[in-house]
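Visitor: Before I ask anything, let me first share the structure, which is written out below as structure tokens.
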Amino acid sequence: MTTDTITYDDVATITGGPLDSLRPEERDGALRGAEILARCLKLEGVDVLFGYPGGANLEIFDVLAAAGIDCVRTEHEQGAAHAAEGYARATGRVGVCLATSGPGATNLVTGIADAYSDSIAMVAITGNVPTPLLGKNAFQEADIVAIAAPITKGSFLVDRVGAIPRTVGEAFALARGPRPGPVLVDVPKDVQQHYPRDAQGRYRPPQMPAAIDAPEPVVGGMSEMQLDECCRMIAQAERPVIYAGGGIVSANAAAALRALAEKLGCPVTTTLMGVGAFPPDHPLWLHVLGMHGTVAANTAVNEADLVLALGVRFDDRVTGKVSEFIRHGRIIHVDVDRRELGKNKPATLAVHADLRIALDQLVAAAVAGECGAWRAYLEEVARRHPLDAGPAGALTGARAIQVLSDVTGGDALVTLGVGQHQMWAMQHYRARRPRSFLSSSGFGTMGYGLPAAIGAKIGCPQRLVVDIDGDGSLNMTIHELATCRRRGIGVKIVVINNQWLGMVRQWQDMIYAGHRAGSAMADPATRVAPAGENDVYPDFVTIAAGYRVRAERVRGLADLQAAYTRMLAVADEPYLVDVVVERESNVYPMIPAGGSYADVILAD
């Protein structure tokens, strides 16, 4: 067998063929496409991925164990995509998911779009029908490359076995950054089955380097001119505020953010994606801003004379009416993605830079102006408008999360579904570390919480991982309890159960004259039943028992802490606590969609 190696420069010339096309002396130890793919993944540092088998990817499934890659089989491909997201966000590594063709591939799409919206490093691998059948409407065929193109950083069809190493290398380089995101690699079944051959039909075993040059330019820090201008604007400011987002977490720049804030004495607010990037008990912390952010945070950003916007994209859930957002203040916008600068909100100074480098530069060079009166003003605003968990003694959704935060000390790695509970968690769970508060923020995908928790726990097995979920959101992916039980994945699930699609119901009450169309979890007969076990629907305790997962229900605040303690005492198994909370609570503060901070609603 020849020992010639295939480099990235000559793979384009290499075709593929079945085993019987090789000479007998070449067959011993020959690697087919699926094996080459698995070895490429291993060289990229992949030791675990999340997937679901099917006819078009069985060749890949067949070789993963031999390559030293563990495949966590989820119960649905969407769960595999969200688990890969959770793994990526918790670890800072690239998450990988694997699906078959057709419906398997399209079931990944929501998770891919979610990762794209939140800039999560993920590589999605799909099998497809053999290349001669592409475009022929074959069984379980879908043009997933075209479908995924608008929601990925790159979407690749591997049309020959020799192209596998370069495509995998480029996919991982793209996914990692500078701004992370998802990439799709589609591998037809015959490419998985074939062996690489040169133009003379000889087998050419590939030797695959671990990485290729990044297809995106490396981003450095600020220029000297930009740094001087930033420092000048900071020194002149009397009402500065730092508005930090998920870019801080992606850049591993939380320590630099804190150092800058402390040097400047500058108040800090973050987006939902930035939760955990700044200590929740720090005196400069204003909490999260935006639609359901604190009054103090929204006041600070909109009344500041200088806003340092760091790793943010000025999304609509933060800005509201964008023309009114930061209407009178100057803006320094620093981001690793040049396309974000000026996209949604013009900046006084737009800086394309690596955030960690840029923050280190500012920590070394910047000098604060005088802003003591500004901080005192914001402290008074915060004192007058604290976050409210509801009436004392009442088991509200907010209170249930507040107690969980106290019991865990804010040190759990939490994942969230989407809805009212997500906003209550943003307000009342005091996450103390970066990469510890995982939420579907930009795409708002219900069902994200449990599979993301699975991925996070696989990536961080020593950490306590808790999915804070809603009854509506959990109901979309509750089947992933089977994955937890089968694999012994000890995630904890806290269900904030108010019997409604709570955020939908809140909007219906506020905007649609109380017409609660389609937002009730239970049927009318169940909703009017006397209090008791039969009035909780869906019955998550019984459902969990069907998956052989331990579970219990809590109805009173006095019983909640003990239930959490029992949940946390079970170290290596999944455990679900169904917390039946007050049904009609709403999330406040709330800035109506399209409004400004002056339009904030504080209560019913």
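The values are calculated or read from the model by the stated rules, or taken from the named source; none is laboratory data. Being a predicted model, the structure only gives us computed values, none of them experimental. Reconstructed Cβ throughout: ideal geometry from the backbone, glycine too, with neighbour counts over all protein chains shown.
Visitor: Can you name the residue in the range 513-535 that is surrounded by 11 or more Cβ atoms within 10 Å (Cβ to Cβ) and at pLDDT 85 or above and, of all such residues, is farthest from I601 (Cα to Cα)?
Guide: Across the range 513-535, the extreme among qualifying residues is M521.
Visitor: Filter the range 342-368 for residues that are under 19 Å from L227 (Cα atoms) and within 22 Å of the chain's Cα centre (by Cα) and give the result.
Guide: Selection gives D354, L355, R356.
Visitor: Sticking with this structure for a sec: Can you tell me which residues in the range 110-157 are without any contact (Cβ under 8 Å) to a residue 60 or more places away in the chain and either in a helix (DSSP H, G or I) or within 14 Å of the chain's Cα centre (by Cα) (or both)?
Guide: Within the range 110-157, P132, L133, I144, V145, A146, I147, A148, A149, P150, I151 qualify.
Visitor: Yes or no: the range 196-210 includes at least one residue that is buried (at least 24 other Cβ atoms within 10 Å of the Cβ) and assigned to a helix (DSSP H, G or I).
Guide: Checked against the condition, which is being buried (at least 24 other Cβ atoms within 10 Å of the Cβ) and assigned to a helix (DSSP H, G or I), the range 196-210 yields no hits at all.
Visitor: Still on this structure: If you take the residues of the range 266-290 that are in contact with a Phe, Trp or Tyr (Cβ under 9 Å, 6 or more places away or on another chain) and assigned to a strand (DSSP E or B), which of them is farthest from W374 (Cα to Cα)?
Guide: T270
Visitor: Now for a different question. Could you tell me which residue of the range 42-54 is farthest from A175 (Cα to Cα), considering only residues that are at pLDDT 95 or above and either crowded, with 18+ Cβ neighbours inside 10 Å or touching a helix residue (DSSP H, G or I) at 6+ places or on another chain (Cβ under 8 Å) (or both)?
Guide: My answer is G54.
Visitor: Of the numbered conditions (1) under 29 Å from G455 (Cβ atoms); (2) assigned by TED's automatic domain parsing to the domain that holds G274; (3) outside any loop (DSSP other than H, G, I, E, B); (4) not basic (K, R), Q361 satisfies every one except a single condition; which is it?
Guide: So the condition that Q361 fails would be (1).
Visitor: Answer yes if at least one residue in the range 176-187 is out of contact with any Gly (no Cβ under 6 Å at 6 or more places or on another chain), assigned to a strand (DSSP E or B) and acidic (D, E), and no otherwise.
Guide: Looking for residues that are out of contact with any Gly (no Cβ under 6 Å at 6 or more places or on another chain), assigned to a strand (DSSP E or B) and acidic (D, E), one finds at least one in the range 176-187, hence yes.
Visitor: Got a sec? Which of P215, P267 is of a type outside the set (F, W, Y) and farther than 21 Å from R339 by Cβ? Explain how you work it out, then say what you get.
Guide: Details: P215 fails: farther than 21 Å from R339 by Cβ.
Checking each option against the conditions leaves just P267.
Visitor: Could you list, ordered by first residue, the pairs with Cβ atoms under 8 Å in which the first is in the range 66-87 and assigned by TED's automatic domain parsing to the domain that holds G54 and the second is part of a helix (DSSP H, G or I) and aromatic (F, W, Y), at least 6 apart or interchain?
Guide: Going by the 8 Å Cβ cut-off, the qualifying pairs are C71/F61.
Visitor: To continue, here is another question. Out of the range 370-394, which residues are closer than 19 Å to S585 by Cβ and out of contact with any Lys or Arg (no Cβ under 7 Å at 6 or more places or on another chain)?
Guide: Residues of the range 370-394 closer than 19 Å to S585 by Cβ: 385-394.
H385, P386, L387, D388, P391, A392, G393, A394 - these are the residues of the range 370-394 that are closer than 19 Å to S585 by Cβ and out of contact with any Lys or Arg (no Cβ under 7 Å at 6 or more places or on another chain).
Visitor: Can you find, within the range 1-30, the residue that is modelled with the highest pLDDT among those that are crowded, with 18+ Cβ neighbours inside 10 Å and assigned to a loop (DSSP other than H, G, I, E, B)? Lay out the reasoning, then the answer.
Guide: Step one: filter the range 1-30 for residues crowded, with 18+ Cβ neighbours inside 10 Å, giving 6, 11, 14, 16, 22, 26.
If we keep only those that are assigned to a loop (DSSP other than H, G, I, E, B) too, we end up with 6, 14, 22.
Working: I6: 36, I14: 49, L22: 71.
Only one residue tops the list, namely L22.
Visitor: For A382, which of the numbered conditions (1) modelled with pLDDT under 95; (2) under 30 Å from D305 (Cα atoms) fails to hold?
Guide: The number of the failed condition is (1).
Visitor: Next question. Can you work out which of the residues in the range 315-337 that are part of a strand (DSSP E or B) and surrounded by 18 or more Cβ atoms within 10 Å (Cβ to Cβ) is nearest to the chain's Cα centre (by Cα)? Working first, answer last.
Guide: Going through the range 315-337, the residues part of a strand (DSSP E or B) turn out to be 330-335.
Imposing the further condition that a residue be surrounded by 18 or more Cβ atoms within 10 Å (Cβ to Cβ) reduces the set to 331-335.
Details: I331: 27, I332: 26, H333: 23, V334: 21, D335: 19 Å.
Out of the qualifying residues, it is D335.
Visitor: Right, something else. In this structure, is T271 in contact (Cβ under 8 Å) with a residue 24 or more places away in the chain, crowded, with 17+ Cβ neighbours inside 10 Å and either touching a His at 6+ places or on another chain (Cβ under 8 Å) or in the same structural domain as M423 (by TED's automatic domain parsing) (or both)? Full working, then the answer.
Guide: Values: in contact (Cβ under 8 Å) with a residue 24 or more places away in the chain: yes; crowded, with 17+ Cβ neighbours inside 10 Å: yes; either touching a His at 6+ places or on another chain (Cβ under 8 Å) or in the same structural domain as M423 (by TED's automatic domain parsing) (or both): no.
For T271, the condition - in contact (Cβ under 8 Å) with a residue 24 or more places away in the chain, crowded, with 17+ Cβ neighbours inside 10 Å and either touching a His at 6+ places or on another chain (Cβ under 8 Å) or in the same structural domain as M423 (by TED's automatic domain parsing) (or both) - is not met.
Visitor: Of everything in the range 564-604, what is at pLDDT 95 or above, crowded, with 19+ Cβ neighbours inside 10 Å and not in a loop (DSSP other than H, G, I, E, B)? Give them in sequence order.
Guide: If the condition is that a residue be at pLDDT 95 or above, crowded, with 19+ Cβ neighbours inside 10 Å and not in a loop (DSSP other than H, G, I, E, B), then Y564, M567, Y575, L576, V577, D578, V579, V580, M590 are the ones that fit.
Visitor: Identify the single condition in (1) modelled with pLDDT under 95; (2) surrounded by 22 or more Cβ atoms within 10 Å (Cβ to Cβ); (3) over 12 Å from P196 (Cβ atoms) that G33 does not satisfy, given that it satisfies every other one.
Guide: (3)
Visitor: Return the pairs, sorted by first residue and then second, in which the second residue is buried (at least 21 other Cβ atoms within 10 Å of the Cβ) and small (G, A, S), the first residue lies in the range 89-107 and is outside the structural domain of L37 (by TED's automatic domain parsing) and modelled with pLDDT of 95 or more, the beta carbons are less than 8 Å apart, and the residues are 6+ apart or on different chains.
Guide: So the pair list comes out empty.
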